[in-house]
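Down below is the structure, laid out as structure tokens.
The values are calculated or read from the model by the stated rules, or taken from the named source; none is laboratory data. The model shown is predicted, which means the values in this text are computed figures rather than measured ones. Cβ coordinates were reconstructed from backbone atoms using ideal geometry, including for glycine residues, and neighbour counts include every protein chain displayed. Please note that ligands, DNA and RNA were not included when accessible areas were found on the heavy atoms of the full protein model with its side chains. Shrake-Rupley method; radii C 1.70, N 1.55, O 1.52, S 1.80 Å.
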Amino acid sequence: MSSLGKLTVLTGPSGVGKGTIVKRILEKYSDVWLSISATTRKPRQGEIDQKHYFFLDVKEFKKVIDRGGFLEWAVFANNFYGTPKDLVEEKINKGINVLLEIELEGARQVRKSFPQGLQIFLAPPNLSELEKRIRGRGTDSEESIIQRLDIAKKELIAKKEFDAVIINEDIDNAFYKIERLMGLIL
Ligand code: 5GP
């Protein structure tokens, strides 16, 4: 029997740089599979359905909840987000390493169902740097920025629950540490 794939969860406040790290991992390691989440959030400019997210309306999302189709799901900044269960299980059973880029509540749920998974928290050097990054991204409304910063403060308190906390002061250094944690390099 082939061995199971490893599950890695990458969590951290919105704007901290999770997306950049994930992009780098996928570019460098073709054998890591990123789960595509479902969300009820409206697509941002340039986001493509089924590539960046499965964009669902609330009714569709709730149907998936009801049939137990999510490995985890959570409400973040007034929108639903969830990880489709079937594909993740299929990849793991095939021995493929799976990466989830999700928020705190979802990470907590996955910790219960996959206690053997690796849970990494990516933290900003400080809150003002995080605010600068979210604003610099230019993708969120003022209301959304304030909401995301407010959530970030709460999420940062929970970082001690994680197997590892990586401070994203320098992206190359953070990436290197995550590669090592995931066992991608020695
Ligand atoms: P964004 O709206 O910026 O794309 O994502 C907002 C937050 O939702 C981010 O922290 C992101 O990691 C998280 N997120 C994305 N997909 C999922 C998911 O499937 N489940 C959970 N719990 N969080 C998710």
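What to note about this one:
- Burial order of peptide ranges 114-126, 96-108 (average beta-carbon count within 10 Å, highest first): 96-108, 114-126
- Selected from 36, 95, 152, residue furthest toward positive end of dipole (region 7-181; charges at beta carbon): 95
- DSSP-defined antiparallel bridges as percent of all bridges, region 7-181, nearest 5: 30 percent
- Derived scalar couplings between HN and Hα for region 154-162 equal 6, 5, 4, 4, 8, 4, 5, 6, 8 Hz in order, rounded to whole Hz, by the Karplus curve 6.51 cos²θ - 1.76 cosθ + 1.60 (θ = phi - 60°), x for Gly and Pro.
- Proximity of backbone amide H atoms, modeled 1.01 Å from N, is registered between residue 167 and 123 at under 5 Å, excluding neighbours fewer than 5 places apart on the same chain.
- Cβ-defined net charge surrounding residue 175, 13 Å radius [Lys, Arg +1; Asp, Glu -1]: +1
- Qualifying chymotrypsin sites (Phe, Trp or Tyr not before Pro) for region 1-82 [loop in DSSP, other Cβ within 10 Å: at most 15]: 29
- For residue 53, the residues whose amide H sits under 5 Å from its own are 48, ignoring neighbours fewer than 5 places away on the same chain, with H placed 1.01 Å from N.
- Rounded to the nearest Hz, the phi-derived 3J(HN,Hα) couplings of region 49-66 under the Karplus curve 6.51 cos²θ - 1.76 cosθ + 1.60 (θ = phi - 60°) are 4, 6, 10, 8, 8, 8, 7, 10, 8, 4, 5, 5, 4, 5, 4, 5, 4, 4, where x marks glycine and proline.
- Expressed as a whole percent, the accessible surface of the chain that belongs to carbon and sulfur atoms is 52, based on a 1.4 Å probe.
- Cross-link pairs 42/63; 28/153; 62/177; 42/85; 23/153; 62/132 - those with Cα-Cα distance over 30 Å: 28/153; 62/177; 62/132
- The ellipsoid equivalent to the alpha-carbon distribution of the chain has semi-axes of 24, 22, 15 angstrom, derived from the gyration tensor eigenvalues as √(5λ) and listed largest first.
- Centre separation in Å (Cα based) which lies between region 72-140 and region 25-56: 12 Å
- Accessible area of region 1-62 divided out per residue, in Å², using a probe of 1.4 angstrom: 58 Å²
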